[in-house]
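The values are calculated or read from the model by the stated rules, or taken from the named source; none is laboratory data. Everything numeric in this text was worked out from a predicted model, so none of it was measured. Here the Cβ positions follow ideal geometry from the backbone for every residue, glycine too, while neighbour counts run over all protein chains shown. For the accessible areas, the whole protein counts, side chains as well, though only heavy atoms, and no ligand, DNA or RNA atoms are used. Shrake-Rupley method; radii C 1.70, N 1.55, O 1.52, S 1.80 Å.
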Amino acid sequence: MCHAEFFSASLVYLPMRFISAAHIFDGEKFLNKNPILVLDDKNCFVEYSDRKSIDRSNLEHYDGIICPGFVNAHCHLELSHMKGVFEEKAGMLNFAKNIITKRMTFPKEQIQEGIVEADKMMWENGIVAVGDISNTQDTFETKQRSKIFYHTFIELIGFNPERVETVFALGKELQRMASNADLKNSLVPHAPYSASDSLMQKISADVIETKYPVSIHNQETEEENLFFKKKEGDFAELYKFLQMPIDFFKPSGYSSLKTYLPNLSNCGNLILVHNTFSSKEDIIWANKFHEQLYWCLCPNANLFIENTLPNINDFLKENCRMVIGTDSLASNHSLSMTDEINVLLSHFNWIKIADALKWATSNGAAALGIQNNFGKFIKGKNTGMNHLNYGSNQLTFNKKLT
Ligand SMILES: [Zn+2]
């Protein structure tokens with residue numbers, strides 16, 4: 001337990017920690033006066049202090065940047081065992097087919113080992129909170145024991161409207177298991193092409209009371225828009241491959257986002273994941289239609305699957321709230337927020353470090369509704385503290401300080 005008020009009022013500073021750095025990022029901005037961070041004996045943040053009041057022999061000083069622990073807004077911990085299994089840049093359709101046919105062919109032990117290792121990898125890379133997709137209960141035990149805070153998105157897949165009650169009931173059962181494991185959770189649709197209007201509406205109604213966040217994979221490929229505009233392309237093919245007739249589906253003539261977003265209008269925070277093929281028009285329309293949108297970038301996964309990145313400029317011009325996700329090890333080589341930021345910095349060298357760090361900390365926390373506990377240095381809380389170095393427009397993760 002932290003005794004922030006007691007310590008603030010007291011001049012007796014030991015056994016506290018006093019940390020200074022060349023640059024301190026507080027979750028929103030770099031601090032001007034470069035103060036010293038005072039932590040208590042449980043590594044909870046007490047206060048900022050000026051240099052005069054601190055004995056230099058007690059000071060831990062770091063070159064580079066100090067920032068709060070990272071918030072990974074989108075991950076699939078349960079796919080971790082499929083690291084290195086899939087061919088890169090083979091396109092979304094091949095990736096989806098592979099996931100569907102291969103994910104369950106691995107021994108249980110291998111699945112569990114992958115989950116435990118990935119959870120450890122994220123913690124060691126300075127990630128303190130994660131929005132994590134679950135289709136199964138495979139990750140629940142690890143997440144319950146983890147040092148990382150997880151919000152579990154119970155993901156529902158059901159494109160045929162006739163199956164809505166069955167799919168929803170299965171989701172509710174998995175949700176009950178997550179709640180029994182003390183995991184904060186909410187039901188979410190997988191993607192526009194895999195969740196019917198009625199399923200999305202039921203999910204949207206389900207979070208009215210909790211106002212917990214909802215996420216959906218959005219416009220990860222151009223084929224998704226083609227499917228909604230004309231019922232053509234890869235997704236029409238995918239349903240043929242799966243031998244699932246989709247006679248019930250009528251194309252809307254609009255992009256996927258414009259078609260499905262009205263179904264999710266009751267949701268509070270809504271995290272749109274990928275957005276690789278969201279047009280400027282889509283972005284402007286969606287922000288007006290839904291006031292609590294968060295736009296999640298998963299740049300390494302986008303390069304891995306489709307070899308394309310979203311047009312970041314369009315999002316920033318419209319003042320979108322950006323967050324960052326690693327996606328899963330099935331479509332990434334690491335689960336590291338600095339790796340994701342570095343891809344953004346190397347492709348869009350005008351992105352400010354302060355913006356990217358904000359997306360990876362306080363914006364992620366706000367998206368997951370955990371802004372009172374993560375994403376900034378918060379009095380009385382240990383929100384994680386990362387030491388980074390910066391050079392040649394790239395960040396290096398150095399170590400966790402708390
Ligand atoms: Zn995903």
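Once the Cβ-Cβ distance between Asn313 and Thr210 is put in as r, and R0 is 30 Å, what FRET efficiency do you end up with, to the nearest 0.05? Intermediate values should be presented prior to the final figure.
On the way: r = 35 Å, r/R0 = 1.16.
After rounding to 0.05, the efficiency reads 0.30.
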Give me the lysines in straight-line cross-link reach of Lys211: C-alpha distance below 18 Å, same-chain residues under 8 apart excluded.
Lys172, Lys184, Lys202
FRET efficiency (Met121, Lys250; Cβ distance; R0 45 Å; to 0.05) is 0.55
In degrees rounded to 10, the 0-90 angle between helix 280-289 Cα long axis and the longest Cα principal axis of the chain is 80 degrees
Where a label projected 7 Å from the Cα of Ser279 along Cα→Cβ would reach, residues of segment 191-224 with amide N under 19 Å:
192-193, 218-224
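Using the structure shown, select from Lys280/Lys376; Lys33/Lys379; Lys89/Lys400 the pairs with a Cα to Cα distance greater than 21 angstrom.
Lys280/Lys376; Lys89/Lys400, as the Cα separations exceed 21 Å there.
Classify segment 192-270: rounded, prolate or oblate, from the alpha-carbon gyration tensor (a ≥ b ≥ c, eigenvalue square roots; a/c under 1.5 rounded; otherwise prolate if a/b is larger than b/c)?
Values: a/c = 2.30, a/b = 1.93, b/c = 1.19.
Prolate, because a/c is 1.5 or more and a/b exceeds b/c.
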For Glu237 and Asn372, extending 7 Å from Cα along the Cα-Cβ vector and measuring point to point gives, in nm, a value of 5.0 nm
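Which peptide among 260-271, 226-237 comes first, and what is the full order, when sorted by highest mean count of other Cβ atoms within 10 Å?
Sorting 260-271, 226-237 by mean packing, highest first, produces 260-271, 226-237.
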Can you compute the label reach from Arg163? Point 7 Å from Cα along the Cβ direction, backbone N cut-off under 20 Å, restricted to segment 234-264.
234-251, 260
Long-range alpha-carbon pairs in the chain, meaning those over 38 Å apart, account in percent for 20 percent
Under a 1.4 Å probe, counting only protein heavy atoms, Tyr48 has an accessible area in Å², nearest 10, of 80 Å²
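Stretched out fully, how many nm does the piece from Asn43 to Glu113 gain, at 0.36 nm a residue minus the Cα gap? Walk me through the numbers before you get to the answer.
Numbers: separation 70, 0.36 × 70 = 25.20 nm, distance 3.00 nm.
Separation in residues times 0.36 nm, less the Cα-Cα distance, equals 22.2 nm.
Quick check on segment 66-212: take the gyration tensor over C-alpha atoms, sort the square-rooted eigenvalues as a ≥ b ≥ c, and tell me if it's rounded (a/c under 1.5), prolate or oblate.
Values: a/c = 1.68, a/b = 1.18, b/c = 1.42.
Oblate shape, in that a/c is at least 1.5 and b/c is the bigger or equal ratio.
Rounded to the nearest 0.05, what FRET efficiency do Lys102 and Thr396 have when you use their Cβ-Cβ distance and R0 = 30 Å?
Computed FRET efficiency for Lys102 and Thr396 comes out at 0.30.
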How much length would be gained if the chain were fully extended between Leu31 and Lys89, taking 0.36 nm per residue of separation minus their Cα-Cα distance, in nm to one decimal?
16.8 nm
What ranking do 86-98, 197-209 get when scored by the average of other Cβ atoms within 10 Å per residue, highest first?
197-209, 86-98
Rg/Rh for segment 335-402, where both radii come from Cα atoms and Rh is the Kirkwood radius
0.99
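Evaluate the charge dipole of the chain about its Cα centre and quote only its size in Debye, nearest 20, assuming +1 on the Cβ of each Lys and Arg and -1 on the Cβ of each Asp and Glu. Show your work: numbers first, answer last.
Numbers: 40 positive and 47 negative charges, 142 e Å.
The calculation lands at about 680 debye.
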Does segment 231-327 classify as rounded, prolate or oblate by the C-alpha gyration tensor (a ≥ b ≥ c root eigenvalues; a/c under 1.5 gives rounded; else a/b over b/c gives prolate, otherwise oblate)?
oblate
